[in-house]
Amino acid sequence: MAKKFYITTPIYYVNDKPHIGHAYTTIAADVLARHYRQKGYDVFFLTGTDEHGAKVAESAAKARLDPQSFCDQNSALFKEAFKELNISNDFFIRTTDERHAASVSKFMQVLYDRGDIYEGTYEGLYCVGCEKFMKERDLDEAGNCPDHGKPPEKVSEKNYFFNLSKYLKQVQALIEADTITVLPATKKQEVLGLFKQGLEDFSVSREKVAWGIPLPFDQKQKTYVWVEALQNYISAVGYGDHEKEFAKWWPADVHLMARDIIKFHAIYWPAMLLAADIEVPRVIYAHGFFSLDKRKMSKTLGNVIDPHELVQEFGVDATRYLLLSQFPFGQDGDIKRSLFKEKYNADLANNLGNLVSRVLNMIEKYAGGVIPAQVPSPIYLEHSDEKIEQLQFDLVLNELWQAIDQANQLIDENEPWKMAQDESKKAGLDVLLGQLAAFLMDCAVAIRPFMPSTGEKIIGSLMSPRIEKGDPLFQRLK
RNA sequence: CGCCGGGUAGAGCAGUGGCAGCUCGCGGGGCUCAUAAUCCCGAGGUCGGGGGUUCGAAUCCCCCCCCGGCAACCA
């Protein structure tokens, strides 16, 4: 039986529109999923949307929609964005799915039955106008709600809490031992640092929130949104309703996310799983943030890049390539808008695209459109499985492009256009063209997880009974 | 002293004890199969500052300066 590989992205909050950050995480997950499929693994790649909570209800009201319609609309935006980016997810979960809700109920009941959920009181500043709790920092100088100009009331409500403290030592030990592998290593350090600071039990329910999944043991309370959101990773693969399916996929091999939500994934989530006697995930990988021209990406600054714009300008494959090749995956990195075009022209049009053009053209012109010799590629393409599986995408791509340079050098050194003039060099020319064709084939396979249609196009061209130069893969941009 | 990163060529980044590297850009030359693409050569760096350890430090230790993040759920 084939080995399985289960990879997840976070589920994205429907309050947001899809932006470059969502695209970045999801493309990275897609590359891994495609890589493992290509290797023969049985892959399950999950993404989706997180749809409950007071903020969603609020936004829906503003848009004069009922929450469900609002969610339907915005969730569809993510689906479309991912479709445009050629994301090969096997399932798209929505937390408003019936199956998810049922699974969450079951999970919460298990935690309750095991005695790891207890009743407590949450105290906070509640604004009646907003119908929500406010944080000190949300208030203006006078201590008023900025929207309603009135001070919020001190209110306490009944909440249920999860007994995190009971599991902290255990989770810490699992992370230290790499049973839960937190990557990159610097993030592991950070997470371990959080244990030193001390962590408190957290509330898992809300009394005043209407838009959510009721707690099975107290229907008046809704499950707190991110507690429930984490559970998508098990509900999507059958927890609570399909034991066989669940046994097949769980535990997740990689939970991929940006670094802002690592605490929930590396600490709270494993703790809840331990409480429910479920295996913990294998790898938690937190990647970095973009900044644009040294400025943090944010809606207020208006410098958020819509992936759709990039696709319009560069095409799908180039967008995928440009995002992953900018800087090491685990780190933060700054990019300049102009860099996208430079890199597009240099790497995709000039190097890869032009190489394909010149090789195909020579096969067409000098060999009548048929690969004249079946010979192995003389260029060593490092078997990059290890690097790609450690999510070192920039290194994998770097190696690939070094090989492309070598192919270009090989052509210049041998001057096939001169060989073609000289009948006595025909055999040598045939071998060279065969070698180049073999290299392009290797290259196409290696590139396919990153740029699926480009890989397919190259393979298609080479498999054609009559090889032609064809159109450029990547048109140079002015 | 809350915790964790980072400061290396014009730009973006590798390098974590042994001659300072990669990509882009820039300057010069070559080629003509190719998308004014490709190939070769070159210029460009007191490796944030100071002190120390060492035969030898970008790399290890100490102090300082600057930038960012987490703690405080925008991927």
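Only four residue types carry charge here, +1 at the Cβ of Lys and Arg and -1 at the Cβ of Asp and Glu. Report the dipole size of the stretch A:435-478 about the Cα centre in Debye, rounded to the nearest 20.
Dipole magnitude for the stretch A:435-478 comes out near 180 debye.
Using the crude model of +1 on Lys and Arg Cβ and -1 on Asp and Glu Cβ, and no other charge, please compute the dipole size for chain A relative to its Cα centre, in debye to 20.
Result for chain A is approximately 340 debye, rounded to the nearest 20.
What translational diffusion coefficient, in µm²/s and rounded to a whole number, does the Stokes-Einstein relation yield for the stretch A:354-478 at 20 °C and a viscosity of 1.002 mPa s, taking the hydrodynamic radius as the Kirkwood radius over Cα pairs?
141 µm²/s
Calculate the FRET efficiency for residue A:464 and residue A:245 from the Cβ-Cβ distance with a Förster distance of 25 Å, rounded to the nearest 0.05.
0.05
Can you sort A:424, A:75, A:453 so the residue with the fewest Cβ neighbours within 10 Å comes first? It would help to have the intermediate numbers written out before the result.
On the way: A:424 7, A:75 22, A:453 15.
The order, fewest Cβ neighbours first, is A:424, A:453, A:75.
If you bin every alpha carbon distance in the stretch A:153-236 into 10 Å steps from zero, what whole percent lands in each bin?
Answer for the stretch A:153-236: a P(r) of 15, 34, 32, 18, 2 percent.
Exactly which chymotrypsin sites (Phe, Trp or Tyr not before Pro) in the stretch A:1-69 are in a DSSP loop and have at most 12 other Cβ atoms within 10 Å?
Here no chymotrypsin sites (Phe, Trp or Tyr not before Pro) fit, given the DSSP loop and packing criteria.
With respect to the cross-link table entries A:106/A:387; A:263/A:341; A:106/A:154; A:62/A:154; A:55/A:187, which display a Cα-Cα separation exceeding 31 Å?
Long pairs (Cα-Cα over 31 Å): A:106/A:387; A:263/A:341; A:106/A:154.
What's the ranking of A:250-258, A:85-93 by average number of surrounding C-beta atoms within 10 Å, highest first?
Descending packing order for the listed peptides: A:250-258, A:85-93.
Going through the stretch A:177-247, which GluC sites (Glu not before Pro) have at most 12 other Cβ atoms within 10 Å and a DSSP loop state?
Answer in residue order: A:200.
Throw me the Rg/Rh for chain A, computed over C-alpha atoms with Kirkwood Rh, two decimals.
Rg/Rh: 1.06.
Per DSSP helix of 4 or more residues, -39500 (n - 2.57); summed, then divided by the residues of chain A. What does that give at 222 nm, rounded to the nearest 500?
Per the formula, -13500 deg cm²/dmol.
Every number here is computed from the coordinates shown, using simple stated rules; none is lab data. Because the structure is a prediction, the values reported are computed rather than measured. Cβ: placed from backbone, ideal geometry, glycine included. Neighbour counts: every protein chain shown.
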